[in-house]
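Contents: one structure, followed by commentary.
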Amino acid sequence: MSTECAILIIDDESAMRHLLRTILEAEGFYVDEAEHGKQGLAKLTQRPYNLVLCDIRMPQMGGLSFLTQALLKFPELTVIMMSAYGSLETALDCMKHGAYDYISKPFRPDEIILTLKKAQERLRLQHENKTLRYELNTRGENQQIIGCSNAIKQLLQQVKTLAMAPSPVLIHGETGTGKELIAKALHIQSPRHDKPFIAVNCSAISPQLVESELFGHRKGSFTGATASHDGLFAAADGGTLFLDEIGELPLEFQPKLLRTLQENEIRPIGETRVRKIDVRIVAATACNLSEAVQHGTFREDLFYRLAVIELFTPPLRDRPDDIPALCHHFLQKIARQQHRGTPVLTAQAKTLLMQHDWPGNIRELENTIHRIMIFHQGSEITKEDIPAELHGALQRMSASPSSNALSLKEAITDLEITYIKKALEKCHGNKTQAAALLSISLRALHYKIKEYNL
């Protein structure tokens with residue numbers, strides 16, 4: 001059996017737990033134990049399990065109480081009940097409460113293994129069906145927006161609702177959270193889906209060329225204008241223009257963009273007449289635009305014009321349940337590129353990846369999986385294959401807190417500072433290389449160095 005399957009044994013008899021552990025570990029399962037239902041519920045909140053073997057009669061909290069409460073919190077959990085005092089009525093009662101199966105004690109090792117094989121096969125089929133349904137439902141709508149966490153479900157529902165509106169949309173989110181994918185999903189589900197979707201990173205355009213890039217210019221209108229250029233607004237006419245890192249637009253250009261949004265027209269440089277355009281604007285930012293307005297680096301009237309509708313892409317640390325699906329997606333993608341089979345993550349490897357904070361979000365996760373695939377050629381990726389820096393970060397985070405424990409925000413800040421210092425040290429002070437190592441933009445690294453006074 002695959003070691004990717006993690007089993008939690010809940011039984012008040014230590015001899016029974018030991019026997020089951022011996023049988024299951026010999027079959028390649030990852031095994032954890034709990035002495036009663038309350039302890040079992042606590043374990044479920046600490047890490048994911050594929051299967052649970054649970055006794056019925058236990059002190060503090062019995063098996064049926066555990067089953068009811070566990071399925072309320074984790075409705076997709078597969079639980080197999082056990083008892084030495086069972087009857088047909090007991091078995092039916094367990095099934096009625098949501099158990100997958102029931103085993104009478106004493107049992108033969110091959111009996112428990114067969115039951116678990118069936119349960120594992122059922123899990124595999126459920127996962128395949130869920131993946132297929134997800135791909136069918138999202139194909140052509142939410143390209144590569146992977147995940148089924150509540151945060152992502154709510155975001156995609158908002159996208160579906162707002163896609164039909166012609167109003168501008170402002171997407172907030174940290175670097176690497178998939179803001180451009182959300183912008184594409186808005187476009188694909190809108191009436192403009194058969195028209196162009198043009199994406200531009202405002203921070204990548206020289207301040208002197210912003211107006212020319214967006215509005216276009218006529219030949220000879222300035223030094224170096226050897227040919228006419230239509231600009232990105234004209235290229236996106238009828239469709240959607242995605243302005244990423246909108247907060248980086250030069251302050252002197254912002255009134256011109258505001259006028260374009262108000263009047264639906266542009267005037268290319270060197271042109272005397274305006275040109276009507278029909279473009280939906282979707283903007284995105286990783287910085288706090290409200291603070292930028294207060295500091296005078298972003299116009300208040302432009303902010304309110306862009307923020308008619310606001311969406312927020314959640315950071316990966318707020319949606320850890322999506323990490324296994326994202327990892328599987330990246331493993332498949334990279335395996336295709338490398339013309340090889342797709343390896344699987346063991347349960348311990350998944351847990352390690354799910355516990356990491358991912359300051360670089362999905363982009364950092366993809367880069368990490370890419371690094372693993374470069375150095376690993378086997379069919380399984382274990383905990384030992386995960387980069388050492390992730391182990392170190394988790395050890396620091398899991399250390400016993402003192403009486404003056406840091407807040408979560410302070411802990412994350414400390415971790416970011418540690419990562420940045422190590423990256424700069426490893427790259428001998430080269431900020432471009434350090435930013436690439438951290439999977440963030442050079443501009444974001446400069447911002448954090450200034451913010452943390454490094």
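Rule-based calculations on the coordinates, nothing more; no lab input. It should be emphasised that the depicted structure is a prediction, and the values quoted were computed from it without experimental measurement. Positions of Cβ are generated from backbone atoms using ideal geometry, with glycine treated the same way; all protein chains shown enter the neighbour counts.
By how many nm would the segment from Arg218 to Asn264 lengthen if fully extended, with 0.36 nm per residue of separation less the alpha-carbon distance? Present the calculation step by step, with values, prior to reporting the outcome.
Numbers: separation 46, 0.36 × 46 = 16.56 nm, distance 1.98 nm.
Residue separation times 0.36 nm, minus the Cα-Cα distance, leaves 14.6 nm.
When each of the peptides 30-37, 41-48 is scored by the mean number of other C-beta atoms lying within 10 Å of its residues, the order from highest to lowest reads 30-37, 41-48.
On the beta carbon distance between Asp321 and Lys105, with R0 = 35 Å, the FRET formula returns roughly 0.55. A full extension of the chain between Arg57 and Asn150 corresponds to an added length of 30.0 nm, given 0.36 nm per residue minus the alpha carbon distance. Modelled label positions at Ile417 and Leu71, each set 7 Å beyond Cα in the direction of Cβ, lie 4.9 nm from each other. Pairwise Cα distances in region 167-314 exceed 21 Å in 42 percent of cases.
Here the peptides 97-106, 435-444 are ranked by packing, the mean other Cβ count within 10 Å, and the order with the highest first is 435-444, 97-106.
Give me the percent of Cα-Cα pairs in the chain that sit more than 41 Å apart, rounded to a whole number.
The answer is 33 percent, as a whole percent.
Across region 296-310, rounded Karplus estimates of 3J(HN,Hα) from the backbone phi angles (6.51 cos²θ - 1.76 cosθ + 1.60, θ = phi - 60°) give x, 9, 9, 5, 5, 5, 5, 4, 5, 5, 6, 8, 4, 10, 10 Hz, Gly and Pro being marked x. Rounded to the nearest 5, what % of DSSP beta bridges with both residues in the chain are antiparallel? So the antiparallel bridges amount to about 5 percent of the total. Each residue of region 6-133 gets 106 Å³ once the volume of the Cα convex hull is shared out per residue.
What's the FRET efficiency of Glu13 with Asn201 using the Cβ-Cβ distance as r and R₀ = 60 Å, to the nearest 0.05? Please list the in-between numbers first.
Numbers: r = 61 Å, r/R0 = 1.02.
It comes to 0.45.
Give the peptides 310-321, 360-371 in descending order of average Cβ contacts within 10 Å, highest first. Could you put the intermediate results ahead of the total?
Details: 310-321: 18.2, 360-371: 19.9.
The packing order, highest mean first, is 360-371, 310-321.
Efficiency by 1/(1 + (r/R0)^6): what FRET value for Asn430 and Asp301, r their Cβ-Cβ distance, R0 = 45 Å, to the nearest 0.05? Efficiency for this residue pair is about 0.65. Taken about its Cα centre, the chain carries a charge dipole of roughly 920 debye when the Cβ of each Lys and Arg holds +1 and the Cβ of each Asp and Glu holds -1.
For Val308 and Gln157, compute 0.36 nm times the residue count separating them, minus their Cα-Cα distance, and round to one decimal in nm. Walk me through the intermediate numbers first.
On the way: separation 151, 0.36 × 151 = 54.36 nm, distance 1.77 nm.
Computed gain between Val308 and Gln157 is 52.6 nm.
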